[in-house]
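To keep things clear, I will list the structure first and then write my remarks on it.
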Amino acid sequence: MANALRPEIDEKTMTMPSIAKHVQTLREHFKLLPPEHGNTTLTEENTFIVLTAAFFEPLAQSHRCIEQLAQATGVKEHLGGVEVPRSTLSDAMKRFRVDHLRPLVKKLSDRLPALQQANPDLAQITQKIIAGDGSMFRLAGEVVWAIQRVKNKAGKIDSQVRLDLQVDIRRWTIEDFAVSGKADGGEPAVMAKMLQPNVVYLFDRAYYPFEFLGNVLEIGSDFVVRLKKDLTFRPQSSSTLSQKDIEAGVRSDQAGFLGVEDGCKGKAPARLLRLVTVWDQKNQVEIRLLTSLMDVEAWVIGQLYRSRWVIELFLRWLKVTVGFKHLLSESSNGITLQFYVAMVCTMLIHIRTGLPVSKYSLVALGLVAQGRSSYEAQLPILLKRERERQLERARLARKKASKNQKA
């Protein structure tokens, strides 16, 4: 990895929650905010700090556990001796002015270090590569604004909230997100509000609406999306496959137009698009990939779509490793705050280690935060784990290429 870009080791800055504060951004940010309500007993700054501490202690997955965590010497010191009763924390999360965290995210985003390409095959893509997807998170109790589903034959209601997420696949950090309830519409409608220019977006079959794909193109970005079987593609020409295309499992590469001329699925983009068909050796099926990228090799389109799996791994990381399977708040504002904490903390891990976020970096910085290890002792372990992951990825790539050649 890029050692020169890794921050210098400064042991004094690695106490909890100074893992976040070493950037000297959090407190500076909150000092610049307009004054809070005069009767506030738990400030926004302290609320954010205690939730940051809880992020690095995955066992703290409830208000009671966070109340207990706030009594730990290392955390209490940075809270100025303020106690964090669970009812006070719940109220603080509901009223937190989450919109004021956007500038903080922008500051941290500007400090993210560059990484060597985890997948060198994508080096020719100069645009930012972002995977988008949605995932459901269960809420405690029946919440009016949530997405409510009948859980069993007895009619028990299961309240859930959807996290519509964008992940930068090169940095393994959250690019943007939205917390959605039943009144917010489907995944494409919410994702359309987060689109940026000069990005290659990777989506699964749920993001098929013609209007959504048109929005991506209109904003000046490109997409690679898995095309549903019932959507028509009208080919105008076919390209000859290279040897590397064939080795990568590409079956065909066509240019044409999306949708029938008088279809009922809305107005398809009028511009020429591309359909790359790739063979999925594991599931023994053909995958149709629709893209607006016309000038890259067909096998690269397949690699782009495969890299979309990063967002699935990230969602699993959030739910299992970090402990976001059950949310702390029943209010939309409180849940949004909790995901902002996750967004900021993943950026801080990346900034601090110079490596993509992983369960290994979370464990390492958690040990440092608890005073059970030093950052200097953990850094070689993180580098070793990252090297092992790179070697394993290379081994699997060779194995897959060998299977494709035999096929």
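Restricting the calculation to Cα atoms, segment 267-320 yields a radius of gyration followed by a Dmax of 14.1, 43 Å. In this structure, the amide hydrogen of Phe324, modeled 1.01 Å from its nitrogen in the peptide plane, lies closer than 5 angstrom to those of Lys319, counting only residues at least 5 positions away or on a different chain.
Sequence-ordered 3J(HN,Hα) estimates for segment 210-215 from the Karplus curve with 6.51, -1.76 and 1.60 and θ = phi - 60° stand at 4, 4, 5, 4, x, 5 Hz, glycine and proline given as x. On the beta carbon distance between Arg398 and Ala189, with R0 = 60 Å, the FRET formula returns roughly 0.90.
Between Asp110 and Thr73, the contour length at 0.36 nm per residue exceeds the alpha carbon distance by 10.1 nm.
Couplings for segment 73-89, taken from phi via the Karplus curve 6.51 cos²θ - 1.76 cosθ + 1.60 with θ = phi - 60°, read 4, x, 7, 4, 4, 7, 8, x, x, 6, 7, 10, x, 4, 5, 5, 5 Hz in order; Gly and Pro are left as x. At a probe radius of 1.4 angstrom, the accessible area of segment 266-398 per residue rounds to 42 square angstrom. Working ranking of peptides 237-250, 383-396 by packing, defined as the average number of other Cβ atoms within 10 Å per residue, highest first, is 237-250, 383-396.
Roughly to the nearest percent, how much of the accessible area of segment 135-245 is carbon and sulfur, given a 1.4 Å probe? Its accessible area is 48 percent carbon and sulfur atoms.
Taking amide H positions as modeled 1.01 Å from N, with prolines and chain starts lacking one, the residues under 5 Å from Val224 and 5 or more places away or on another chain are Tyr201, Leu202, Phe203.
Phi angles across segment 55-71 convert, under the Karplus curve 6.51 cos²θ - 1.76 cosθ + 1.60 with θ = phi - 60°, into 3J(HN,Hα) values of 4, 7, 10, x, 6, 7, 10, 8, 4, 5, 5, 5, 4, 5, 4, 5, 8 Hz, Gly and Pro given as x. Separation of segment 302-337 from segment 51-81 is 22 Å, based on Cα centroids. Put simply, the amide H of Val250, placed in the peptide plane, has neighbours under 5 Å in Trp279, leaving out anything fewer than 5 places away on its chain.
With 0.36 nm allotted per residue and the present C-alpha distance subtracted, the Glu211-Arg64 stretch has 48.4 nm of extension available. Largest to smallest in accessible area, the residues Lys282, Lys319 fall in the order Lys282, Lys319 (1.4 Å probe, all protein chains included).
Computed over protein heavy atoms with a 1.4 Å probe, the carbon and sulfur contribution to the accessible area of segment 268-350 reaches 52%.
Under the 0.36 nm per residue contour assumption, what length would be gained going from the current alpha-carbon distance of Lys156 and Thr41 to full extension? Walk me through the numbers before you get to the answer.
Details: separation 115, 0.36 × 115 = 41.40 nm, distance 3.71 nm.
That pair, Lys156 and Thr41, stretches by 37.7 nm at full extension.
The values are calculated or read from the model by the stated rules, or taken from the named source; none is laboratory data. Treat the numbers as computed from the prediction; the structure is a model and nothing was measured. Note that we place each Cβ from the backbone using ideal geometry, even for glycine, and neighbour counts take in every protein chain shown. Only protein heavy atoms, including side chains, enter the accessible area calculation; ligands, DNA and RNA are left aside. Shrake-Rupley method; radii C 1.70, N 1.55, O 1.52, S 1.80 Å.
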